[in-house]
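FYI, it's all coordinate maths here, none of it is from the lab. Predicted model, so just to flag it, every value in this text is computed and none were measured. For neighbour counting, all protein chains shown are included, and Cβ atoms are generated from backbone atoms with ideal geometry for every residue, glycine included.
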Amino acid sequence: MRVLVVGAGGREHALCASIGASPRLGVLHAAPGNPGIAELATCHPVRVDDVEGQVALAASLRADLVVIGPEAPLVLGLADALRQAGIAAFGPSAAAARLEGSKAFAKEIMAAAGVPTARSHVATTMAEARAALAALGGQVVVKADGLAAGKGVIVCDDAAEAEAAALEMLVGASLGEAGARLVIEERLTGPEVSLLALCDGRTVVPLPAAQDFKRIGDGDAGPNTGGMGAYSPVPAIDAVAAREIAETVHEPVLRELERRGARFVGCLYAGLMLTAAGPRVLEFNARFGDPETQAVLPRLADDLLERLDDAARGQLEQRALNAHPGAAVTVVLASRGYPATSESGVPIEGIAAARARGADVYHAGTALRDGRLVTAGGRVLAVTARGASIAEARANAYAAADEI
Ligand code: AMP
Ligand code: GLY
């Protein structure tokens, strides 16, 4: 098979590594890719949000399958454009990707499908926001409806904080259009888990569960980021529990989307909170998680490319994915100043030494300058190590990261 992976981050590097291990693979291409991906695939300088450019590239490469990593091209309709051109794509249509692009839409789908989630109200004015706060009580979470790069969710301790958050987004327009509509929902408590699943529109095959950590600092401290680390498996979510969640969350959502003419083909990522009353959905993503993918895919014992291709063709079998025993832990190495700013152009050394310890090192924000590998973004590298237990995998991941 000729495969094109769209994206330039650690997630896409991990996808390329798994796809690259498939006996079905003939040639692997990526666009735009990064220096790490370039070790596995031929990279083409086409931006992820250049829908026409990506379709033209896929056609010229005679790609049998295009695997779309990030949300931006999905929301812009890249999967639709590829299918119209007769090219198989793993990634949802723009209509189905609204599940990630609009939190209010996701809530509407969950309500219609009977999926357990936090009680919520939509607000576009301060009067509506105040009414929502009164209805839900003080402990709420204020969420921008649209895509806000991880900055659109404010977990509030009391009504004053919630009102201030709503004011900043609705009146202060701090997040622009993304925050012109809010979802205000009850604040839940419990451990969080990410359950990603391959979907062909109807059939759902969960990947091993993962937990990601969004705060910048070690010990889960400091401001939120796009995701600083992850581990898999999650002891509370074994294969039986994952199947149960797939049946109560992913499958009803797929049925409701299909009823509305928007089949979901791709990776449906459910961000869940395991509350005392059972799992509740906090959010959906219409794509693989980053960095969950870097912790989950290295554990897969099955041929990922076969399943991605089956899903893209609407022929996914409900056959559980097998994982290697033990655990994987991913630690993200970020630039100084991230998430507020990020330094770039700093030379990177020690990747070979980290790999010599048995770790995988995935590139995210890296670039080659005069033949030298340098930093080029906030999240720079993701280091994944395995171990018999989560604790052992974590020790191995930090030891490998220390080489860099
Ligand atoms: P989201 O982008 O919706 O996943 O929200 C980002 C983070 O905010 C989540 O990972 C949770 O830690 C927190 N969060 C979101 N919704 C809630 C909720 N209803 N109750 C408590 N925490 C939440
Ligand atoms: N790790 C969170 C995300 O991919 O959105």
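Solvent-free Debye calculation, one equal scatterer per alpha-carbon of the stretch 57-128: log10 I(q)/I(0) at 0.23 Å⁻¹ equals -0.97. Between Ala395 and Thr189, the distance separating the two model label sites (each 7 Å from Cα on the Cα→Cβ line) works out to 3.3 nm. The gain in end-to-end length when the Glu39 to Val27 segment is fully stretched comes to 3.0 nm, 0.36 nm per residue minus the alpha carbon separation. Taking every alpha-carbon pair under 8 Å whose residues sit at least 6 apart, the chain reaches a relative contact order of 17 percent. Label separation (Asp302 vs Asp238): 1.9 nm, computed from points 7 Å beyond Cα along the C-beta direction.
How long are the semi-axes of the equivalent ellipsoid of the stretch 101-206, defined as square roots of 5 times the Cα gyration tensor eigenvalues? Whole Å, largest first. Intermediate results must be reported in sequence, preceding the final value.
Values: eigenvalues 131, 48, 34 Å².
They are 26, 16, 13 Å, listed from largest to smallest.
The orientation-averaged projection of the convex hull spanning the C-alpha atoms of the stretch 245-386 amounts to 12.2 square nanometres.
Free of any trypsin sites (Lys or Arg not before Pro) that DSSP assigns to a loop and that have at most 10 other C-beta atoms within 10 Å, the longest stretch within the chain is 63-335. Taking the square roots of 5 times each eigenvalue of the Cα gyration tensor of the stretch 323-404, largest first, gives ellipsoid semi-axes of 25, 14, 9 Å.
Within the stretch 309-404, report the GluC sites (Glu not before Pro) that DSSP leaves as loop and that have at most 12 other Cβ atoms within 10 Å. Can you show the working numbers first?
Working: sites: Glu317, Glu343, Glu349, Glu392, Glu403; in loops: Glu317, Glu343, Glu349, Glu403.
Taking the stretch 309-404 and a limit of 12 other Cβ atoms within 10 Å, the loop GluC sites (Glu not before Pro) found are Glu317, Glu349.
Label 7 Å along Cα→Cβ of Asp218; the stretch 326-359 residues with amide nitrogen under 16 Å? Flagged as within label range: 330-336. Would you kindly give the portion of the calculated P(r) for the chain that falls above 40 Å, as a percent of all Cα pairs? Tail of the P(r) past 40 Å holds 12 percent of the pairs. A full extension of the chain between Gln315 and Asp158 corresponds to an added length of 51.7 nm, given 0.36 nm per residue minus the alpha carbon distance.
Once C-alpha pairs closer than 8 Å and six or more residues apart are averaged by separation and normalised to the residue number of the stretch 11-119, the relative contact order reads 16 percent. Placing a label point 7 Å from the Cα of Ala127 along the Cα-to-Cβ line, no residue of the stretch 162-193 has its backbone N under 12 Å from it.
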